[in-house]
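The values are calculated or read from the model by the stated rules, or taken from the named source; none is laboratory data. Treat the numbers as computed from the prediction; the structure is a model and nothing was measured. With ideal geometry, Cβ positions are generated from the backbone for all residues, glycine too; neighbour counts draw on all protein chains shown.
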C-alpha cells in the first residue's frame, strides 16, 4: 500500500482543485440562474449558487486521476476493476444531484439513482467481504446479500450527509473531520497488515477530506455557495465506499490490535461512531416524521442544527458545536487505534459534559429563555 505521505499529496490535489474551481462554478451558476432561493427551511436571505457539488466532483476526479498516474499507487489500480465502479457511482450520484439542484426531482428518482450507483459498485467489486457482528462469528457475505448490504449502506450514508447539510459549512466540516479520522484508522490497519489489499478505502477517505477542505473557505458562514444535493450525495458516496471496503474487509482474526477489539470486535462500528452526528440526526428525522405520520421525504426544521439555533446559538456557533461533537467522537475512536491502549473514559466524559453545558448554559441561550420562556 502507498505511504501516508503519498495519500496526503492526493488529498492536497483534491483540496487545491476544489478550491480553485469553486468560484468558477459559482459564476456559472449565477449566469445560468442555478440558484437556491430562500424558503421557510433555509437560513439564507438571498439566492445562493446551488451546484457547489460540481466543484467537489472536479476535485474528486483530479485527485483520482493523479493517483492513477503515480507509480506509487500502481498496487491499487493494476488489474483492479474497483476504480471503474467508484467513478461510475460518483458520476451517477453527481448527475442526479445536479439535476435536483437545477431542475428539482422527486425523492423516488434520487433513491433510484442511488440504488443504481450501489449496483455499479457491486458490479465492479466495491463491496464488503464480511459483516462483523459483535461477539458473534464473522459471517462471510454471500453473493445474495452483497448487493442488498451495499445499497443499504450507500443509502444510509448519502441520506445522513444530505440531511445534516442545513447550515453553512456544517456537512463539509463534519465529513472533513470524520473522513480524516477514518483515514488514520484505515492507514493503521494497513500498517499492521490487517486490511485486505488492494484497498481503496484510505484513498477515497483522503480525497473526501481534500474536497471538503477546498470547499470550506467558500462555504463557511457567510457562504458564497452551497454544495447542494450533488455535493452532499457525493460526500455520502465517498464515505460509504471508504467505510465499507475498510470496515468490511478488515482482518477478522487479527490479533494484538486493541483498535480491532475495542468497539465490540466490530470494525464497522468505527465509522458509525465517527459519523455519529449525521447518523443520529437521520435516525431522529425518521422517528420524528414517522411519529407524525409524515412521509420520510417531508422537509422540516427539527434537525439538530435547527434545534441549536432555536436554543439561541448563532449560525457559526451551532456549526462549531456539531463539529466539536464529531471531533470528540473521532478522538474517542482514534485513541485506542493509534496508541494500542484502551482509553480512560474520564477525559472524554468530561469533554462531553463540557460541550453539553456550553450548549445549554451559554449566555445567548439564557437571554433567549428570558425573552421567550416557553420556547
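Among the residues of the stretch 332-375, those that are more than 21 Å from residue 303 (Cβ to Cβ), at pLDDT 70 or above and touching a helix residue (DSSP H, G or I) at 6+ places or on another chain (Cβ under 7 Å) comprise 332, 333, 334, 336, 337, 338, 348, 351.
Among the conditions (1) modelled with pLDDT under 95; (2) surrounded by 20 or more Cβ atoms within 10 Å (Cβ to Cβ), residue 40 misses just one, which is (2). Scanning the stretch 49-63 for residues that are surrounded by fewer than 22 Cβ atoms within 10 Å (Cβ to Cβ) and in contact (Cβ under 8 Å) with a residue 40 or more places away in the chain, we see that the one that is farthest from the chain's Cα centre (by Cα) is 62.
Kindly indicate the residue of the stretch 106-121 that is out of contact with any helix residue (DSSP H, G or I) (no Cβ under 6 Å at 6 or more places or on another chain) and within 11 Å of residue 151 (Cα to Cα) and also surrounded by the fewest Cβ atoms within 10 Å (Cβ to Cβ) among those meeting that condition.
Restricting attention to the stretch 106-121, the residues satisfying the condition of being out of contact with any helix residue (DSSP H, G or I) (no Cβ under 6 Å at 6 or more places or on another chain) are 106-109, 111-112, 119.
Next, from what is left, pick out any that are within 11 Å of residue 151 (Cα to Cα): 111-112, 119.
Details: 111: 16, 112: 13, 119: 18.
The qualifying residue surrounded by the fewest Cβ atoms within 10 Å (Cβ to Cβ) is 112.
Residue-level analysis places residue 75 among those that are out of contact with any strand residue (DSSP E or B) (no Cβ under 6 Å at 6 or more places or on another chain), in contact (Cβ under 8 Å) with a residue 12 or more places away in the chain, over 21 Å from residue 209 (Cα atoms) and surrounded by 12 or more Cβ atoms within 10 Å (Cβ to Cβ).
Within the stretch 5-19, can you find the residues that are surrounded by fewer than 16 Cβ atoms within 10 Å (Cβ to Cβ) and touching a residue at least 12 places away in the same chain (Cβ under 8 Å)? Before you say what the answer is, go through the steps one by one.
Taking the stretch 5-19 as the starting set, the residues that turn out to be surrounded by fewer than 16 Cβ atoms within 10 Å (Cβ to Cβ) are 5, 8.
The answer is 8, and nothing else.
Within the stretch 188-243, being touching a strand residue (DSSP E or B) at 6+ places or on another chain (Cβ under 6 Å) and either surrounded by fewer than 20 Cβ atoms within 10 Å (Cβ to Cβ) or closer than 23 Å to residue 91 by Cα (or both) holds for 225, 226.
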